[in-house]
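Right, one structure below, let's go through it.
The values are calculated or read from the model by the stated rules, or taken from the named source; none is laboratory data. Small disclaimer: the values here were computed from a predicted structure and weren't measured. Cβ atoms come from the backbone with ideal geometry, glycine included; neighbour counts cover every protein chain shown. Ligands, DNA and RNA are excluded from the accessible area calculation, which covers all protein heavy atoms including side chains. Shrake-Rupley method; radii C 1.70, N 1.55, O 1.52, S 1.80 Å.
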Amino acid sequence: LHLGDDAGAFEVKWINRDLPSGRAAYESGLRQGDVVIAVDGKPLERMTPQQFVMHVKLNYKVGDELPLTVLREGREREVRVSLVE
């Protein structure tokens, strides 16, 4: 992906649209196969998906929009995911 040695990224492998959080992510424009490379304009640090979830819970609250930069089909896209319970 040519992101640099310290850059983190992870692929969205599945979006569970049966859950409110999955529906909100999908409706916000996040898609299976997207590669998340930045949050709020800041490149991701190397972290596990669980650490990413904890980062979101510590820094954002329900009702906020989570600004993500993703790679899709080789192009950067901005997605604002609405955070729900």
Fill in the blank from the handout: For Asp18, the lone unmet condition from (1) at pLDDT 95 or above; (2) out of contact with any strand residue (DSSP E or B) (no Cβ under 9 Å at 6 or more places or on another chain); (3) surrounded by 11 or more Cβ atoms within 10 Å (Cβ to Cβ) is (3)
Fill in the blank from the handout: Filtering the stretch 21-43 for residues that are among the basic types (Lys, Arg) and either in a loop (DSSP other than H, G, I, E, B) or surrounded by 14 or more Cβ atoms within 10 Å (Cβ to Cβ) (or both) leaves a count of 2
Fill in the blank from the handout: Residue pairs within 6 Å by beta carbon, gap of at least six or interchain, first lying in the stretch 15-32 and over 8 Å from Val81 (Cα atoms), second open to solvent by less than 80 Å² (accessible area, probe 1.4 Å) and not in a loop (DSSP other than H, G, I, E, B), listed first then second, are Ile15/Gly22; Ile15/Ala25; Ile15/Tyr26; Asn16/Gly22; Arg17/Tyr26
Exercise for the section: Run down Gly8, Gly41 and say which single residue is in contact with a strand residue (DSSP E or B) (Cβ under 6 Å, 6 or more places away or on another chain), without any contact (Cβ under 8 Å) to a residue 60 or more places away in the chain and not charged (D, E, K, R). Expected result: Gly8
Problem - Any chance Glu73 is open to solvent by 50 Å² or more (accessible area, probe 1.4 Å) and modelled with pLDDT of 90 or more - result: yes
